[in-house]
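In what follows, a single structure is set out as structure tokens and then discussed.
The values are calculated or read from the model by the stated rules, or taken from the named source; none is laboratory data. Everything quoted here is computed from the prediction, not taken from an experiment. Positions of Cβ are generated from backbone atoms using ideal geometry, with glycine treated the same way; all protein chains shown enter the neighbour counts.
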Amino acid sequence: MNDALPDQTPLWEFFEDTVRAWLAQYGYRNIRMPILEKTELFVRSIGEVTDIVEKEMYTFVDQLNGESLTLRPEGTASCVRAVIEHNLLYSGAQRLFYMGPMFRHERPQQGRYRQFHQVGVEALGFPGPDVDVEHMAMGADLWRRLGLEGLQLEINTLGNTTSRGLHRAELIAYLERHAASLDDDARRRLHSNPLRVLDSKNPALQDVIAAAPRLADYLDDASRAYFDALQGLLKNAGIDFVVNGRLVRGLDYYNDVVYEWTTSRLGAQGTVCAGGRYDSLIAQIGGKAAPACGFAMGIERVLALLEPARIPARAADVYVVHSGEAASPFAWNVAALLRRRGLAVVFHCGGGSFKSQMKRADASGALFALIVGDDEARKQIVSLKPMRKAGEQVQADPEQAATLIINNR
């Protein structure tokens, strides 16, 4: 778990501001859920036989009432729980988003932390496939806004319940024939969750996985038509993609379309954004059945692709330098006036000579130093010195100084 220090947070703020503006343009509204939820929520939604539930959740017993609680490992289940609890679908379909920390007990490595942050986007009550394509188009649009290149969209279909049932039976039979080649995790999941075996990253299993029955061969007409329609809409939108028949995702609630945006710039942790359709989840958690889909992106992974040099520094407009019995209260009032005019102002604290304060003003990155001594205070004026551009130091009353700064920043 990591700190984000002041020199790093401008990159976070740039990303967060970009994301909020981007989502507002697509009609998505912010929802904020608790970091803690009842453990049962994640077991029921994510799947009991998954790495997240079996190995990665931070779970503990509440000493007051004996309930099992979990730090949220992902956001979709919490969002759906909130929608059901507050009956949000009563007024119609919902476009929602959230940003915040998630927690998984993983081995820390590049792009993979135990506290990590996600942007989650959920569309609840929409049958698709047009909204699925909207989500993928939104991803392509965000990469353009952030100036990111080289991200690849990979898509697949998991089919509906009937398709997966047929494929599951054939997959179990195939894996049983190759049981001697499976690792302990794969053997444990062979009957309870065989699809997860196909998601294994163990190099020793890749030949077995590559030859396994393909779910695409078991799709019924409805699932195949859905996936074909989705691909047609993607082509019409001009969004490049590849079909990856082995893409399954690590959460049990997905059906039909799943997808990932991947990059080769982050090593093994190449997935930057991923999502899909989860039409059964609302009913599974206890709500009235409704279609739904969504995606989440790892903020740390996106930030690792951004170039910090592209992000403009957020320095103050003005650093207020002051010294003298009459100067300090006058300078305080001037700083308040400048802030009312919408300027970012750092007021020097801690005393010191004019020379030492000017050094602080220069080091702060402020565009202007506003200087007040007792002489200026008696005349109710200030001295204004440009710090980043060529220009002469001038004297002006506070309102004039504010206008000068606004016109020349």
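Below is a table of values for the structure above.
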{"quantity": "Qualifying residue in the stretch 128-147 (condition: in a strand (DSSP E or B) and either surrounded by fewer than 16 Cβ atoms within 10 Å (Cβ to Cβ) or at pLDDT 95 or above (or both))", "calculated": "no"}
{"quantity": "All helices (runs of 4 or more DSSP H) inside the stretch 180-237 with 3 or more residues being more than 28 Å from the chain's Cα centre (by Cα)", "calculated": "184-189, 206-210, 221-236"}
{"quantity": "Top-ranked residue in the stretch 371-409 [being under 12 Å from Val318 (Cβ atoms) and touching a Pro at 6+ places or on another chain (Cβ under 9 Å); ranked as surrounded by the most Cβ atoms within 10 Å (Cβ to Cβ)]", "calculated": "Val382"}
{"quantity": "Filter pass, Ala296 being closer than 29 Å to Leu234 by Cβ, assigned to a strand (DSSP E or B) and within 18 Å of the chain's Cα centre (by Cα)", "calculated": "yes"}
{"quantity": "Residue within the stretch 154-165 that is in a helix (DSSP H, G or I), within 30 Å of Arg265 (Cβ to Cβ) and within 23 Å of the chain's Cα centre (by Cα) present", "calculated": "no"}
{"quantity": "Pair list, Cβ under 6 Å, 6 or more apart: the stretch 387-409 residue within 15 Å of Arg339 (Cα to Cα), other residue surrounded by 13 or more Cβ atoms within 10 Å (Cβ to Cβ) and among the aromatic types (Phe, Trp, Tyr)", "calculated": "Ile405/Phe368"}
{"quantity": "Count of residues meeting criterion [among the acidic types (Asp, Glu), at pLDDT 85 or above, in a helix (DSSP H, G or I) and closer than 23 Å to Val302 by Cβ] in the stretch 1-59", "calculated": "4"}
{"quantity": "Set Arg81, Arg95: member being touching a residue at least 40 places away in the same chain (Cβ under 8 Å), out of contact with any Ser or Thr (no Cβ under 6 Å at 6 or more places or on another chain) and crowded, with 20+ Cβ neighbours inside 10 Å", "calculated": "Arg81"}
{"quantity": "Checking His191 against (1) in contact (Cβ under 8 Å) with a residue 24 or more places away in the chain; (2) exposed (fewer than 13 other Cβ atoms within 10 Å of the Cβ), the condition it does not meet", "calculated": "(1)"}
{"quantity": "Qualifying residue in the stretch 184-193 (condition: among the polar types (S, T, N, Q), out of contact with any Pro (no Cβ under 6 Å at 6 or more places or on another chain), at pLDDT below 90 and under 28 Å from Val302 (Cα atoms))", "calculated": "no"}
